[in-house]
Structures are given as C-alpha cells and as structure tokens.
Amino acid sequence: MINKSADGQYNFSKFERITSKKIIEKLFHQGNKIIYPPLDTRFYKDSHEDINKILISVSKSKIKSAVKRNLLKRRIRESYRLNKNILSNTGYSIAFVYISSELTSFKIIQDSLIQVLNKINVYEN
C-alpha cells in the first residue's frame, strides 16, 4: 500500500479537475494530441496556472454500462494520482479520453498513462 507523502504527492483534489467549458474547448481545439491505446490524450500548457489539471472522459457510445464507465474513470484517475509526479512542469491542462470499446485492466491503463506523461515531458522540453 502506498502512503501519502508529507508534501501531498499522492493527493488528487478537486482543484486538479477541469470544470471550465472554455478550457475544455481550448483543449480540444488548440491542444496537442497523443494516442497510446486505450487513451487518447489532449494537452496544452497554460503559463497562468500553477497546478496541472485533468479531465477524464469515457464515452457512453463505447461503454454502455454506467458501472463499467465509472470503473474505467476510477482506474484512470488512480493511475494519474500515482504517477502525476512524472510531469516535471506545472500548468498543464490534460484530457484523458478512453477510446477502447472493451474493459481494460488497471495495469494496461497505467502503462499507457505513464507513456503519455513521459511524452508530454519530452514534448515541452
């Protein structure tokens, strides 16, 4: 079991979620795109933000059952929570869109998310 560190590294607060429609539109219209199945990731860097913010989406047309959609969102959120320290800079807005039509294991989601976060680091540096 992973314990929370003193600096709050493993926290995931409500301030780290994207809720603004303007940010969401900017993310999908002007953001960069990385695809590592089962995740389609959109991101952009906002110099005014001091924390990274994320959005998680699982399409109802791909996954019909709400229980399974929620399970996948929890898996993506947990994977991000455990690996968000990979991002070296702050101010990113990131959208994780689940693109597979099948239920995927936590291990596969985590591996894909780690590759995406590493690619974002390389992209900006």
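Within the stretch 101-117, can one find any residue that is of a type in the set (K, R) and closer than 24 Å to E25 by Cα?
Checked against the condition, which is being of a type in the set (K, R) and closer than 24 Å to E25 by Cα, the stretch 101-117 yields no hits at all.
Assigned to a helix (DSSP H, G or I) and within 13 Å of S100 (Cβ to Cβ): does that describe K68?
So K68 fits the description; yes.
Residue check, T90 against (1) open to solvent by 60 Å² or more (accessible area, probe 1.4 Å); (2) of a type in the set (S, T, N, Q); (3) in a loop (DSSP other than H, G, I, E, B); (4) touching a residue at least 60 places away in the same chain (Cβ under 8 Å), all met but one. Which one?
(4)
More than 14 Å from R17 (Cα to Cα), open to solvent by 70 Å² or more (accessible area, probe 1.4 Å), free of Cβ contacts under 8 Å to residues at least 24 places away in the same chain and touching a helix residue (DSSP H, G or I) at 6+ places or on another chain (Cβ under 8 Å) - does that describe any residue in the stretch 32-46?
no
What are the pairs, 6+ residues apart or on separate chains, where a residue within the stretch 62-75 that is open to solvent by 50 Å² or more (accessible area, probe 1.4 Å) has its Cβ under 8 Å from a residue that is among the small types (G, A, S)?
From residues that are open to solvent by 50 Å² or more (accessible area, probe 1.4 Å), the pairs are K62/S100; K62/S101.
Among the residues of the stretch 21-58, write down those that are within 22 Å of E78 (Cα to Cα), of a type outside the set (F, W, Y) and either out of contact with any Phe, Trp or Tyr (no Cβ under 9 Å at 6 or more places or on another chain) or assigned to a loop (DSSP other than H, G, I, E, B) (or both).
Within the stretch 21-58, I24, I35, P37, P38, D50, I51, N52 qualify.
Of the conditions (1) part of a loop (DSSP other than H, G, I, E, B); (2) open to solvent by less than 60 Å² (accessible area, probe 1.4 Å), Y80 clears all except one; give me its number.
With respect to (1) part of a loop (DSSP other than H, G, I, E, B); (2) open to solvent by less than 60 Å² (accessible area, probe 1.4 Å), Y80 is out only on (1).
Yes or no, residue by residue, for (1) among the polar types (S, T, N, Q); (2) in contact with a Phe, Trp or Tyr (Cβ under 9 Å, 6 or more places away or on another chain); (3) at pLDDT 95 or above; (4) within 18 Å of N32 (Cβ to Cβ):
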| position | (1), (2), (3), (4) |
| --- | --- |
| K60 | no, no, yes, no |
| I63 | no, yes, yes, no |
| L71 | no, no, yes, no |
| R77 | no, yes, yes, no |
| I86 | no, no, no, yes |
| I99 | no, no, yes, yes |
| L103 | no, no, yes, no |
| F106 | no, no, yes, no |
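Spot the failing condition for I51; the list is (1) under 16 Å from I120 (Cα atoms); (2) surrounded by 13 or more Cβ atoms within 10 Å (Cβ to Cβ), and only one is missed.
I51 satisfies every listed condition except (2).
The values are calculated or read from the model by the stated rules, or taken from the named source; none is laboratory data. Computed from a prediction, not measured in an experiment: that's the story for all the values here. Cβ: placed from backbone, ideal geometry, glycine included. Neighbour counts: every protein chain shown. Quick note on the areas: whole protein, heavy atoms, side chains included, nothing else; ligands and nucleic acids left out. Shrake-Rupley method; radii C 1.70, N 1.55, O 1.52, S 1.80 Å.
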